[in-house]
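Each remark here refers to the structure printed beneath this line.
The values are calculated or read from the model by the stated rules, or taken from the named source; none is laboratory data. All of these numbers come straight from a predicted model, not from anything done at the bench. Virtual Cβ from ideal backbone geometry, glycine too; neighbours counted across all protein chains shown.
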Amino acid sequence: MNANTPEVSRVKVVTTLLLLLLVVTVMVIQMIQKADTAGKSVSGGMGQMPPAAVIVTTVEMEKTRERIKATGFLKALSRSDVATQETGVVLEMPVDEGDEVQKGDTLAILDARRIKAQIVEGKARLTTARNLLLQRKAEVSRAQSDYEMKAKLRPSNAVSQSTLLDSEKALAVAKSQADSALEGIAEGESRLELLNIRLNDLKLTAPFKGIVVSKSVEPGEWVSAGQTVASILAIDPIEAWLKVPARYLGRAARDRENFQVRQSSTGNLHSPEKVIAIPDIDPRSQLFLVIATLRNDDGRLQPGESVTGIIPIGRSTTYLKVPTNAIVRSPMGVMVQIIQAPADGQKSPTGRPVPVQIAFQRDGYAFISAKGSGFNVGDQVIVEGNQNLRPGQPVIVKPEENVLPAGSPTSQVGGVKVK
């Protein structure tokens, strides 16, 4: 029995191995059959893909140009610290902070009694000078007659040469005194004019239309020449100072077409009257300054307020315009799906992917160069249902119902408004 035991064990092992081999073979055959069946099922399904429901819109063409946004702030066109040119006591200060003043409005009035007294004195001196001139003119006339008479008598030796010379001297002295009297009148008139100017300077007025932002004195205070009494800001017009990236230097439009400034507090848009680009780039921020001058006759724009400039870039060019919803980005690149008419043997249209190069985007639309775009104005582009659309898959076009571009306040998909 011991001699047969190894023989029996060997037979059992071989039998077990054969059974395992048979089982593995059957399993492999079943897996191959299942795989083949699955492949046939997939292959048959590709040819019978169900149509996809899509929403389309029509490709449009627009002549426009790129616009960028730049932040900035409002700045007063000018600021004036109004100072007195005379020394005196402030009698009146009829303005307060925040008051709007027009050019020529009174800001302060100083005591004018001293100047008025000097004007009265100056008028009296001028009258004296004028009377003196009349006297000097009479003396000249008398000296002139005396000289002419003696000059006629000299040839007959009725008067001596010495007498004639004395008469000539007296005439010259009279004329000189008359000239001095005339200069005295000019001096008096000039002094009187200066006093009147000083009198006018005692009333300080606004140099331009603006807002009183501060006042430095009150009635009863003594002020010296050169002391500030009030500060005024000119806010009409007002300037928007915008910081623009250096790469747009030379491309930022300086004309007013399509140039707008948005007020941050209200969202209102304003068109500038003048635009100036300052070609001085900040080495740290790599920004340069664009100044837009805005009308502010209603006073709604205030200095220091933040604004956003919508600045046109480059020249107007013709672009194809599609909603940004139509843009599909994938590893294959950026493209749009254009509706293609049914091919031979097909009943439904399909989507045709077209690679695109977007020039810029604005207000929910993508603008694509019209040259070499691969599609044309009037073509239908898919705006909903294009993300999961397979190549060659038939589509069912739903009616377009108020399809708005991405970024609009509301958009409508499948008849349902989405805010």
(request) Considering only segment 283-367, give the strands (runs of 3 or more DSSP E) lying wholly within it that have at least 1 residues that are without any contact (Cβ under 8 Å) to a residue 40 or more places away in the chain. (result) 328-330, 333-340, 350-355, 358-362
(message) So the check is Cβ under 9 Å with 6+ separation or different chains; which pairs have a first residue in segment 266-277 that's under 16 Å from LYS243 (Cα atoms) and a second one that's loosely packed, with under 11 Cβ neighbours inside 10 Å?
(response) VAL275/ASP255; ALA277/GLY250
(message) Tell me yes or no: at least one residue of segment 256-269 is surrounded by fewer than 17 Cβ atoms within 10 Å (Cβ to Cβ) and among the acidic types (Asp, Glu).
(response) yes
(request) Confirm whether ALA253 is out of contact with any Gly (no Cβ under 6 Å at 6 or more places or on another chain) and at pLDDT 90 or above. (result) no
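Quick one: is SER231 surrounded by 17 or more Cβ atoms within 10 Å (Cβ to Cβ) and either hydroxyl-bearing (Ser, Thr, Tyr) or not in a strand (DSSP E or B) (or both)? I'd like the intermediate steps shown before the answer.
Details: surrounded by 17 or more Cβ atoms within 10 Å (Cβ to Cβ): yes; either hydroxyl-bearing (Ser, Thr, Tyr) or not in a strand (DSSP E or B) (or both): yes.
Yes; evaluated as a whole, the condition is true for this residue.
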(request) Consider VAL397 carefully, then state whether it is modelled with pLDDT of 85 or more and buried (at least 16 other Cβ atoms within 10 Å of the Cβ). (result) yes
(request) Would you confirm whether any residue within segment 181-196 is exposed (fewer than 12 other Cβ atoms within 10 Å of the Cβ), charged (D, E, K, R), within 24 Å of GLN85 (Cβ to Cβ) and at pLDDT 90 or above? (result) yes
(request) Take ILE281 and decide whether it is touching a helix residue (DSSP H, G or I) at 6+ places or on another chain (Cβ under 7 Å) and surrounded by fewer than 16 Cβ atoms within 10 Å (Cβ to Cβ). (result) yes
(request) From the list ALA366, ALA370, pick out the single residue that is of a type in the set (A, V, I, L, M) and at pLDDT below 85. (result) ALA370
(request) Starting from residues that are exposed (fewer than 15 other Cβ atoms within 10 Å of the Cβ) and charged (D, E, K, R), keep the ones in segment 301-348 and report whichever is modelled with the highest pLDDT. (result) ARG329
(request) Filter segment 242-254 down to the residues that are in contact (Cβ under 8 Å) with a residue 40 or more places away in the chain and in a loop (DSSP other than H, G, I, E, B), then identify the one that is nearest to SER285 (Cα to Cα). (result) ARG251
